[in-house]
Amino acid sequence: MARRLRIGIDTGGTFTDVVALDERGGLTTTKTPSTPADPAEGFAAGVAKVLGLLGAGPEDVAVLSHGTTVATNRLLEDRIDDLGFITTEGFEAVLEIARQSVPDGYGNSYFWVKPPRIVPPHRVRGVGGRLDHTGAEIRPFDEASAVAAARWFRDRGIRAIGVCLLHSYADPSHELAVREVLRREHPDAVVSLSCEVLREYREYERSVTTLVDAAVKPAMGGYLARIAERVASRLLVMKSNGGVLSAEEVARQPVTTVLSGPAAGALGAAFVVAHSGRGSVVTLDGGGTSTDVAVVLDGEPTLTTEGAVGRHPVKIPMIDIVTVGAGGGSVAWRSPEGALKVGPRSAGADPGPLCYGRGGTEATVTDAHAVLGRIPPHLLGGEVPLDADAARAGLGALAADLGLPVERAAAGILEISAWNQANAIRRITVKRGLDVRDYPLVAFGGSGPLLACRLLDVLGLPAAVVPENPGNLSAFGLLTVDVKNDYVRTRVARDAELDPALLGDGYAALEAEASAALAREGFPEGGRRFARSADLRYSGQAFEVRVPAPAGTPGEAFRAEVVRRFHDAHEALYGYCYRDDPRHPVEWVNLRVSGIGPLERPRLAERPPGDGDPSRARTGTRKVYFDAWEETAIYRRESLAPGDVIEGPAVIEEFGSTLPLHPGFTARLDGYGNLVVTR
């Protein structure tokens, strides 16, 4: 009988992580260097490597699940070329007007320079016709102006075009007419329509989200095609909302993948800690280029529709993630004022840190760990030897420039990196109304556990949890999620004036759309689930609060329950609400439905305890610098058993990651293979 393998592949800035799950049981993990010039090469190499380890062939692969940074990197690096924009005549300045908000408040507005828009003004074209906010036609669609716009873009070779017409969320007919004109006049164009990308109001955010979709569509389509050439297996791609979708569907809506990679890590962490009885945690995914932090509440990562990638607001449902340039490859440098800085620039995978010996010329966080002995003299079980002498020489030059001993400079680099990560955690907890001291930290990724002890001190966290194979947790997370797609409609109405029948019609239409998409994904009618939610606000507020909505036929009880949940959520988020206060009526703004196709998930079994003697895992000692150089015990994690307790100072090593256990800290292995670190 042929084997059935499910493989998760997460492409990071430095390594491509691979996890293979044999559906008869058994998990195999490995890594391969990322290939930034063409990530599809690293993807194919990762598949070949794990199949070689298993003695399996391509015919044994049931499905590949992939987390990709293709769209993310394109936006972060502002590689947006040959992009055009079509909007309603008279509203061509929508991108220039944007929003009035200024970064860091108006105290700095004098020094703030407005960034370039995603499409410059000379590449914006208006078309005639006008709808009102209900979708009623005020002026008919002007086909002649659409033809002129299409020919203008065609004659200049502009192939990626976003279309966002006023109030098309209420009636898409004018946008669909523009697409037909573009198909006829400019057949080479890649077109994104706002009525398909984001069917809700606020024309600026809808415009930018649509343009982001158009900007990344050619790159994502080409990337998925190159994967299909190399690997002939069913491919699911991770989306920002915490679900996966077939490659064919993702190619049509690539904006949904802008946080594909980081989302998988948060979901993997949520899955692992739920088994060990920790429903609410902070997750920290430390990679080679950046660190991503998120919050898991009651087993589910928190979601937002107010996200951004780089300088571009992207108003789609996505896991609420804060990213900082504080990874293992983050470069240490001296500012013009003489201060030591770390990141956000990274040495990445090529050339990488000094200790990789690939021609790197700048000291990084990984080099600081190598100089202080906190990581082994090789990575990935010996596949990547490290040159600690090269790291020490490079750090020595920086330390001399700063007037510090090498050890002090290396420790300073790690301290700054830890505070960069701590500030990211504060942004996603304290700024969201959560007390960071209530949440254990789940540290994973290749560099995630390296600063875990220091983060416990800085933030006052109760514990840090390091899952098994932490360097591959994002790839594992890809195997724990369902197929998921999101649908939204704007319906602005006062609660007191709202007819529940309109709610019923709205949710029914969204669920029909979601059901059709799940049918295309191969899910039978009985295997489809729908999750409802709604965005509500108090009249006069500019932004909404999203709350879950119950199942069943919308009636008065349904409406009252959603409003009650809104009051509760508003009070939890902002510290107050206007329950039973007629001076502040509630408004409904958006109806939302997530269509979910359940997939089989891995099963984690609890292991029997060992004899309580961790010395079986001890491999020797080496000199490690914490507050001073001292001979420090080294342990192999895979030789530890549940119940084993290790006292710091110590270093616990494994294939994809390392945990330096500082003096005064304790690490205990729990029944599911997680290391639980406490002060």
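Values for this structure:
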read-out	value
Net dipole in debye of segment 334-437 [+1 Lys, Arg Cβ; -1 Asp, Glu Cβ; about Cα centre; nearest 20]	620
Selection from 331, 667, 488, by position along the positive dipole direction of the chain (Cβ)	331
For the chain, the spread of Cα positions along each principal axis, largest first, Å	80, 62, 55
Residue 248 paired with residue 152, simple spin-label distance in nm, labels 7 Å along Cα-to-beta-carbon	3.7
Surface share of carbon and sulfur [accessible, 1.4 angstrom probe, percent] for the chain	51
Rounded to the nearest 20 debye, dipole of segment 76-210 from Cβ charges on Lys, Arg, Asp, Glu	200
Loop-located GluC sites (Glu not before Pro) in segment 235-318 whose Cβ has at most 13 other Cβ within 10 Å (DSSP)	306
J(HN,Hα) series, segment 243-254, from Karplus relation 6.51 cos²θ - 1.76 cosθ + 1.60, nearest Hz, glycine and proline x	x, 10, 8, 4, 4, 5, 5, 5, 4, 7, 9, x
Tensor-based shape of segment 504-639 (alpha-carbon gyration tensor, a/c under 1.5 rounded, otherwise prolate or oblate)	oblate
By average C-beta atoms within 10 angstrom, highest first, the peptides 629-640, 171-182	171-182, 629-640
Beta bridges by DSSP in segment 76-210, antiparallel share as percent, to the nearest 5	15
Distant-in-sequence amide H partners of residue 65 (H built 1.01 Å from N, under 5 Å)	7, 8, 9, 236
Accessible area expressed per residue, segment 584-679, with surrounding protein chains retained (probe 1.4 Å, Å²)	42
Semi-axis lengths, Å, segment 76-210, gyration tensor of Cα atoms, sqrt of 5 times eigenvalues	26, 19, 12
Protein-only accessible surface order, largest first, of 138, 416 at 1.4 Å	138, 416
Summed side-chain charge close to residue 222 - residues other than residue 222 whose Cβ falls under 11 Å, Lys, Arg +1, Asp, Glu -1	0
Two-site FRET efficiency, residue 219 against residue 607, from Cβ-Cβ distance with R₀ of 45 Å, rounded to 0.05	0.55
Value in Å of the Kirkwood radius, where segment 139-191 supplies the Cα pairs that are averaged	11.3
Mean-position separation - Cα centroids, segment 624-679 and segment 350-378, in angstrom	22
Cα gyration tensor category, rounded, prolate or oblate, for segment 251-337 with a/c compared to 1.5	oblate
Count of lysine pairs in the chain with Cα separation under 24 Å (8 or more residues apart, or interchain)	10
Contour excess over end-to-end distance, with Cα ends at residue 62 and residue 628 and 0.36 nm allotted per residue	198.6 nm
Whole-number accessible area per residue in Å² for segment 76-210, which is evaluated in the context of all protein chains at 1.4 Å	50
Difference of contour (0.36 nm per residue) and Cα-Cα distance, residue 378 to residue 509	41.5 nm
Amide proton proximity set for residue 190, modelled H, under 5 Å, gap of 5+	160, 161
Student exercise, the chain dipole from Lys, Arg, Asp, Glu Cβ charges, in Debye to nearest 20	420
Estimated Rh, segment 325-468: Kirkwood, alpha-carbon pairs, angstrom	15.7
Among 202-211, 517-526, the order from most to least packed when residues are scored by Cβ within 10 Å on average	202-211, 517-526
Fraction of beta bridges assigned by DSSP in the chain that are antiparallel (%, nearest 5)	75
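The values are calculated or read from the model by the stated rules, or taken from the named source; none is laboratory data. Keep in mind it's a predicted model, so treat the numbers as computed, not measured. Reconstructed Cβ throughout: ideal geometry from the backbone, glycine too, with neighbour counts over all protein chains shown. Areas reflect the complete protein model, heavy atoms only, side chains present, ligands, DNA and RNA absent. Shrake-Rupley method; radii C 1.70, N 1.55, O 1.52, S 1.80 Å.
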